[in-house]
Amino acid sequence: MDKIRNLQAGTREWTWYVAVFVILMIVPFFGSIFWTNLLTEILIMGLAAMSVNLLLGFGGSLPFGHAAFFASGAYATALLIKETNLPFLAVLIIAPAMAAVVGAVFGIIITRLYEFYYAIVSAASCMVLWTLIRKVPILGGDTGITGVEIPELLSSIDAVYIFTAIVVFTVLICTKILLNSPFGWIQQAIRENPNRVTCTGSNVLRHRYIAFIISSFICGIAGMLFVLHTQSTFPSYAHWIKSGDFVMICILGGVNTFIGPMVGAAALIILQTYITSLTQHWLLFLGISICLLVIFMPSGIMGLTGHLPKKIQSFFKKSGHNQRG
Amino acid sequence: MGDTFFEIIGLDKSFRGLKATNKVSLSIKKGEVCSIIGPNGAGKTTLFNLITGLIKPDAGKIFFQGKDITAHSPVEIVHTGIARSFQIVNNFPRFTVYDNIMIAVLGYKRQALKMLTPAKSIGRNEIMELIDRIGLAKEANTLAGELSHGDQKRLEVGIALASNPSLLLLDEPTAGMSSEEKGGILETIKRIMKENNCTVFLCEHDMKVIFSISDTIWVLHNGTVVTSGTVEEIRNNALVREIYLGEAE
Ligand SMILES: Nc1ncnc2c1ncn2[C@@H]1O[C@H](COP(=O)(O)OP(=O)(O)OP(=O)(O)O)[C@@H](O)[C@H]1O
Ligand SMILES: [Mg+2]
């Protein structure tokens with residue numbers, strides 16, 4: 001039986017996060033523009049996938065419509081910058097909040113459902129938004145919104161990257177705190193056995209609804225960051241295939257770990273980039289590689305890390321024993 | 001009505017024509033151990049599901065401490081002071097014993113929406129104390145799914161107790177246990193009743209268990225209350241022997 005990993009971050013884990021963060025901060029000074037761009041994208045997709053995993057790995061639901069919230073955050077950012085005189089900081093808060101509002105509306109129905117129905121209705125509501133986006137003139141129809149002007153401070157690739165990394169890490173820390181809180185524990189208990197949670201006096205429906213809104217807010221942040229990165233936004237952001245990408249990233253990285261979605265995003269995007277440059281039939285190879293990854297690593301890339309340290313530990317324990325004996 | 005601790009009046013529930021609960025009326029006095037017996041399919045679990053709000057009755061009323069709780073949601077019912085254990089083990093198998101109890105304590109304390117404090121910092125002492133009381137102190141860090149059946153039954157009682165109920169419903173707490181385990185859990189239940197000052201309503205198949213612990217016994221058959229009385233009265237009741245003991249042989 002799998003033990004639910006204790007999410008309480010030990011000092012060692014925090015050391016890891018700080019180290020990775022410092023390394024990421026240094027990249028623009030040594031790496032190429034290519035890598036800076038790639039990392040920006042990985043961080044943003046990783047954040048979106050993490051918002052999905054909050055409901056998937058930690059909530060036991062299958063959200064197949066999170067592109068809706070990614071797109072909501074993106075379109076809100078683009079519109080607010082283009083059409084209003086709001087200060088940039090206000091945009092950074094209002095845009096994800098708009099995604100949360102969309103989440104609050106969709107969530108009313110979706111969070112009442114379970115399993116298959118949950119997945120289907122979330123995908124369907126995502127497609128409703130996709131259709132709307134293409135029909136509403138102010139949202140730019142099929143061509144989307146381009147040429148979104150961002151403040152001078154963030155106009156360089158490096159600056160957007162640094163900003164993204166800071167925002168993503170801040171959200172990561174907040175999510176970690178959330179998962180360790182009573183809210184996070186009840187969320188995981190609902191995944192294990194929703195009826196028992198009800199019978200111990202916590203409101204499951206309300207809990208799932210609030211978790212859904214929080215998740216759409218975080219996904220909205222990812223959408224917002226993506227607009228800062230590309231200065232444009234397209235209807236495809238709201239397509240259910242995008243939702244599928246998020247879910248696939250989670251599965252690839254490992255849904256049972258906190259950091260899995262980030263790792264999955266790195267794996268998928270790097271794989272995508274390299275295979276595209278090698279062959280024209282990249283989609284085929286990408287598909288095959290993902291199939292293989294999922295078959296041979298059912299608990300994702302992060303699933304490997306759980307076993308390795310244990311083996312190493314037991315090795316050292318054994319050898320220590322022998323020495324004493 | 002106002003003076004009885006717990007009372008059910010004319011409760012009805014059918015499943016596709018099958019009357020699982022048929023005009024059931026019964027009452028429980030504060031501080032007693034009240035038992036319900038009846039053969040398989042008599043409607044004992046259905047009655048517990050009705051009391052805890054998991055299913056809604058077709059007709060009838062449920063009163064607890066003078067309040068009509070018939071229409072209350074399961075969550076509200078827990079907070080008015082009724083908690084239950086399940087016949088079939090119903091816990092969080094991939095959580096440790098400690099975490100199982102913690103989830104219930106968080107629910108009881110209405111902390112489910114707290115987002116900033118670490119869950120593990122809440123109610124540590126009382127959780128450990130409760131684990132000790134149900135006799136699982138050594139297993140606090142064992143996964144619930146890896147406990148023996150008997151220990152899972154204990155955990156079942158522990159999860160219910162974490163809600164600090166004044167009425168504790170136990171659905172076959174000793175089912176599937178060895179006779180030593182049965183003795184152990186009965187002692188635990190008796191001790192808990194005194195310490196927590198709660199009333200116990202339990203259903204059981206094992207007559208020895210029923211006769212050794214109950215103050216009042218109600219007999220259910222095909223969804224209907226057949227008779228009720230003290231241990232002596234039920235032991236000597238010819239009808240009960242026919243329905244229940246007769247079938248068992
Ligand atoms: N949700 C349900 N849907 C349909 N029928 C049900 C449902 N729950 C219970 N029943 C039926 O109602 C009757 C009473 O069942 P119940 O589980 O209450 O009996 P019980 O006294 O607890 O029996 P046991 O001793 O086997 O636990 C049975 O015939 C059962 O099949
Ligand atoms: Mg039963």
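The values are calculated or read from the model by the stated rules, or taken from the named source; none is laboratory data. Fair warning: this is a prediction, and the values are worked out from it, not measured in the lab. Glycine also receives a Cβ, built like all others from the backbone with ideal geometry; neighbour counts cover every protein chain displayed. Keep in mind that these areas ignore ligands, DNA and RNA; they rest on the heavy atoms of the full protein, side chains included. Shrake-Rupley method; radii C 1.70, N 1.55, O 1.52, S 1.80 Å.
Of the residues making up the stretch A:198-221, those that are at the interface with chain B (Cβ under 10 Å from one of its Cβ atoms) and either among the aromatic types (F, W, Y) or over 20 Å from A:L47 (Cα atoms) (or both) are A:T198, A:C199, A:T200, A:G201, A:S202, A:N203, A:V204, A:L205, A:R206, A:H207.
Against the condition touching a residue at least 12 places away in the same chain (Cβ under 8 Å), under 19 Å from A:M224 (Cβ atoms) and within 14 Å of chain B (Cβ to nearest Cβ), how does A:T175 come out, does it pass? So A:T175 fits the description; yes. Looking at B:E139, B:E156, B:E129, which is the one that is acidic (D, E) and buried (at least 22 other Cβ atoms within 10 Å of the Cβ)? After applying the criteria, what remains is B:E156. Against the numbered list (1) crowded, with 22+ Cβ neighbours inside 10 Å; (2) polar (S, T, N, Q); (3) within 14 Å of chain A (Cβ to nearest Cβ), B:S121 comes up short only at (1).
Can you find a residue that is over 25 Å from B:N49 (Cα atoms) and in a loop (DSSP other than H, G, I, E, B) anywhere in the stretch B:70-90? No, the stretch B:70-90 contains no residue that is over 25 Å from B:N49 (Cα atoms) and in a loop (DSSP other than H, G, I, E, B). Within the stretch B:187-194, not a single residue is open to solvent by less than 10 Å² (accessible area, probe 1.4 Å) and in a loop (DSSP other than H, G, I, E, B). Scanning the stretch B:50-67 for residues that are within 16 Å of ligand 2 (Cβ to nearest atom) and closer than 22 Å to A:R206 by Cα, we see that the one that is farthest from the other protein chains (Cβ to nearest Cβ) is B:I55. Could you tell me whether B:S35 is away from ligand 2 (no atom under 16 Å from the Cβ), in contact with an Asp or Glu (Cβ under 7 Å, 6 or more places away or on another chain) and either within 18 Å of B:H221 (Cα to Cα) or aliphatic (A, V, I, L, M) (or both)? So B:S35 fails the test. In the set (1) more than 25 Å from B:N197 (Cβ to Cβ); (2) within 12 Å of ligand 1 (Cβ to nearest atom); (3) touching a helix residue (DSSP H, G or I) at 6+ places or on another chain (Cβ under 7 Å); (4) open to solvent by less than 30 Å² (accessible area, probe 1.4 Å), the condition left unmet by B:I36 is number (1). The sole residue among B:T21, B:T46, B:T4, B:T70 that is in contact with a Lys or Arg (Cβ under 7 Å, 6 or more places away or on another chain) and either within 14 Å of chain A (Cβ to nearest Cβ) or away from ligand 1 (no atom under 16 Å from the Cβ) (or both) is B:T70. Contact annotation: residue pairs with Cβ atoms under 9 Å, 6 or more positions apart or on different chains, pairing a residue in the stretch B:79-91 that is touching a residue at least 24 places away in the same chain (Cβ under 8 Å) and more than 15 Å from B:V105 (Cα to Cα) with a partner that is among the β-branched types (V, I, T) and within 14 Å of ligand 1 (Cβ to nearest atom), are B:F86/B:T45; B:Q87/B:T45.
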